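Down below is the structure, laid out as C-alpha cells.
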Amino acid sequence: MHLNQTTFKTDTLVACGFLVGAHPGHLHCDEAERELRTSLQLENNFPLQLSARTTTILIVLGKPEKFSFQAVVIETPINHAEQLREQFYLLPKPAVAHGLYPYTGQ
C-alpha cells in the first residue's frame, strides 16, 4: 500500500517511527500494515502509511553526524501524530513482540 498526502487531505505527513530490521525490498507491506494496526490497537480507518525511503538518525545525541539507511517508515498526518506516538508506548517488550508480530515486532 502506498498513499500520498492528498489521500489524507492534509499538507503535512510526519514520520513517527520506522520498522527495525525491515528491508524495504523484502517487506510484505499489506501484512505489515495489518499487523501494525493490530499491535498498536488502531482502527482500520486510522490514517497511517508505510513508505520505503532513506531516513537518517543521529549517531550521537547533540552532534551533527547522522547515519542514513533504507527503512520502512511509519507516517501519519500531523494531526494524528500524537495519538500514534502514544500507541507505541503500549507495545509489548521487543522480546515478546517479535514472537507475536513477525513483520513489525522488532
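The values are calculated or read from the model by the stated rules, or taken from the named source; none is laboratory data. None of these values were measured; they are calculated from a predicted model. Here the Cβ positions follow ideal geometry from the backbone for every residue, glycine too, while neighbour counts run over all protein chains shown.
Within region 88-101, residues that are under 21 Å from Leu48 (Cβ atoms) reach partners that are at pLDDT below 85 and in a helix (DSSP H, G or I) with beta carbons closer than 8 Å, at six or more positions or on different chains, in the pairs Leu91/Ala97. Check region 23-46 and report whether any residue there is of a type in the set (S, T, N, Q) and modelled with pLDDT under 85. Looking for residues that are of a type in the set (S, T, N, Q) and modelled with pLDDT under 85, one finds none in region 23-46, hence no.
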